[in-house]
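Enquirer: If you scroll down you'll find the structure; I have some questions about it.
The values are calculated or read from the model by the stated rules, or taken from the named source; none is laboratory data. Worth saying up front: this structure is predicted, and the values here are computed from it rather than measured. Here Cβ is always computed from backbone atoms with ideal geometry, including for glycine, and neighbour counts include all displayed protein chains. What goes into the accessible areas is simple: the full protein's heavy atoms, side chains included, and nothing from ligands, DNA or RNA. Shrake-Rupley method; radii C 1.70, N 1.55, O 1.52, S 1.80 Å.
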Amino acid sequence: MTKNDFAITPPMGWNSYDYYDTAVTEEQVKANADFMAKHLKAYGYEYIVVDIEWYSNDAATKRDKYQYIPFGDDEIDEYGRFIPSPTRFPSSKNGAGFKPLADYCHSLGLKFGIHIMRGIPRVAAERHLPVLGTDVTAADIADPSSICGWNPDMYGVRDCNEGQAYYDSLISMYADWGVDFIKCDDICDSWMYRDDNFSGWHETRMLHEAIMKSGREIVLSLSPGPAHIDKAFHYCDNANMWRITDDFWDKWELLKNMFWRCEMWQDHVKGGCFPDCDMLPIGMVGAGFNDERHSNFTMDEARTMMTLWCMFRSPLMIGAELTKLSDEDMGLLTNKTLLSFMEDGFKAHQVARDDNHAIWVTENAATGKKAIAVFNLSEEDIYLKDYLKEVDAAEFSIEGIEWIDIWTGETVSLSNNSDTVIKPHGVCALSN
């Protein structure tokens, strides 16, 4: 078993964070799973991921003061491992953990995932709870000098055999629950610790080793970014996904910024290893942040986002409440031609970029399938014909091919007389 076998293509699914923040419940997770199984599974979406603080009984009860309540009412077992809140996840009672909810997702033909924070609960160290399989306590392996700057729940874990035993016991419990995906936070980057002083580097390796020992194929996603390009091989060796940005939301300036981030990481995309552009804020988001809204992205901007994510082959995790997706939202998420570029064998790269435009191309050498995308990053209309010479300069053959607009389905001529207009913040994406 190798970790690259877990995700040959970029993982696709739903994550509760963008809509629910810390407040999602079992009933809401099931409703989203039901929707995915019925409407999105056929397009490749399969992961249902419960995001942050599922172990908190009082999550979101002081949202006017805290996103994450210090010294909150959290559920923990006798070995210092957080377990689900029974008030929010009733099926977890009596030691069942997330197994009943995972079983429910599996019964729908889906996969189940959870969010965790790097480290060991501070309360476990304070109570000197034993580390399973060792003769030490959480206080012995906890590193109080390694903390998260924005979440008060955890201490880092020391790089020692007993620390590895803690991670082994943690992942073993998750494997017993039937977890298929782990999003680990405060581990891909830290604004508090720089360079080799960050214990997230060895804790990433410890998580990977624990997953290998568990015998269960669990996708490991690292968060938040921006990931360190000089650590690319470290991420590739130990994880399946790693965030190349901080939290991504529905703001044009964040989307425009993703073009240079993707350019920086484009050579590190391969089976089992996927730089992650973060969740898709399409549809209704923000309810848990007291700001429920339909995505601020225009249709042109949303198409730009979907085109870039798919051509770059980023994981696709929907952040919205699935049951509130409109027909237009569904159209963005279920474009079969665009989603086909997520398949193994496609290799994409950015051939041009400045402040006003960017051009991406992708090709599957085995099948001959290829695509071109010209993105308008400016505030004025641009014309497709004015940018084709940059594709030619990249030695990407475009002549003698019938090109179809991925978003409209119309045939597009690439002759010098082409009058195809690309609207501000929009894209012309073509496939053969």
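Conditions (1) surrounded by fewer than 18 Cβ atoms within 10 Å (Cβ to Cβ); (2) in contact with a Cys (Cβ under 9 Å, 6 or more places away or on another chain); (3) not basic (K, R), marked per residue:
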position: C277; (1), (2), (3): no, yes, yes
position: M284; (1), (2), (3): no, no, yes
position: N296; (1), (2), (3): yes, no, yes
position: M306; (1), (2), (3): no, no, yes
position: S314; (1), (2), (3): no, yes, yes
position: E321; (1), (2), (3): no, no, yes
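Enquirer: How many of the residues making up segment 35-63 are in contact (Cβ under 8 Å) with a residue 12 or more places away in the chain, out of contact with any Pro (no Cβ under 7 Å at 6 or more places or on another chain) and either in a loop (DSSP other than H, G, I, E, B) or open to solvent by 10 Å² or more (accessible area, probe 1.4 Å) (or both)?
Expert: 16
Enquirer: Also, quick follow-up: Within segment 120-128, can one find any residue that is farther than 30 Å from M279 by Cα, assigned to a loop (DSSP other than H, G, I, E, B), at pLDDT 95 or above and open to solvent by 10 Å² or more (accessible area, probe 1.4 Å)?
Expert: The answer is yes; a qualifying residue exists.
Enquirer: Condition (residue is part of a helix (DSSP H, G or I) and either open to solvent by less than 10 Å² (accessible area, probe 1.4 Å) or touching a Gly at 6+ places or on another chain (Cβ under 6 Å) (or both)) applied to segment 183-199: is it met by at least one residue?
Expert: no
Enquirer: Further question on the same structure: Please list, ordered by first then second residue, the pairs with beta carbon atoms under 6 Å, 6 or more apart or interchain, first in segment 152-166 and without any contact (Cβ under 8 Å) to a residue 40 or more places away in the chain, second open to solvent by 20 Å² or more (accessible area, probe 1.4 Å) and assigned to a helix (DSSP H, G or I).
Expert: Qualifying pairs under 6 Å: Y155/R122.
Enquirer: Where in segment 200-272 are there helices (runs of 4 or more DSSP H), lying fully within it, with 3 or more residues that are without any contact (Cβ under 8 Å) to a residue 40 or more places away in the chain, more than 21 Å from F6 (Cβ to Cβ) and open to solvent by 10 Å² or more (accessible area, probe 1.4 Å)?
Expert: It comes to 252-265.
Enquirer: Same structure, new question: In segment 413-432, what count of residues is obtained for those that are in a strand (DSSP E or B) and open to solvent by 20 Å² or more (accessible area, probe 1.4 Å)?
Expert: The number of residues fulfilling the criteria is 2.
Enquirer: In addition: Quickly run through segment 351-397 and pick out the residues that are part of a loop (DSSP other than H, G, I, E, B), touching a residue at least 24 places away in the same chain (Cβ under 8 Å) and closer than 22 Å to L339 by Cβ.
Expert: G368, F396
Enquirer: Starting from residues that are of a type in the set (G, A, S) and open to solvent by 40 Å² or more (accessible area, probe 1.4 Å), keep the ones in segment 346-397 and report whichever is farthest from T9 (Cα to Cα).
Expert: A393
Enquirer: Now for a separate question. How about segment 164-182: which of its residues are charged (D, E, K, R) and in a helix (DSSP H, G or I)?
Expert: Scanning segment 164-182 gives D168, D176.
Enquirer: Determine whether L132 is touching a residue at least 60 places away in the same chain (Cβ under 8 Å), aliphatic (A, V, I, L, M) and either touching a Lys or Arg at 6+ places or on another chain (Cβ under 9 Å) or at negative phi (or both).
Expert: No.
Enquirer: If you take the residues in segment 52-98 that are among the basic types (K, R) and touching a helix residue (DSSP H, G or I) at 6+ places or on another chain (Cβ under 7 Å), which one is farthest from K183 (Cα to Cα)?
Expert: It comes out as R88.
Enquirer: Sticking with this structure for a sec: Identify all residues within segment 20-33 that are touching a residue at least 40 places away in the same chain (Cβ under 8 Å) and surrounded by fewer than 17 Cβ atoms within 10 Å (Cβ to Cβ); write none if there are none.
Expert: K30, A31
Enquirer: Looking at segment 398-432 only, could you name the residues that are touching a residue at least 12 places away in the same chain (Cβ under 8 Å), under 23 Å from S340 (Cα atoms) and hydroxyl-bearing (S, T, Y)?
Expert: S431
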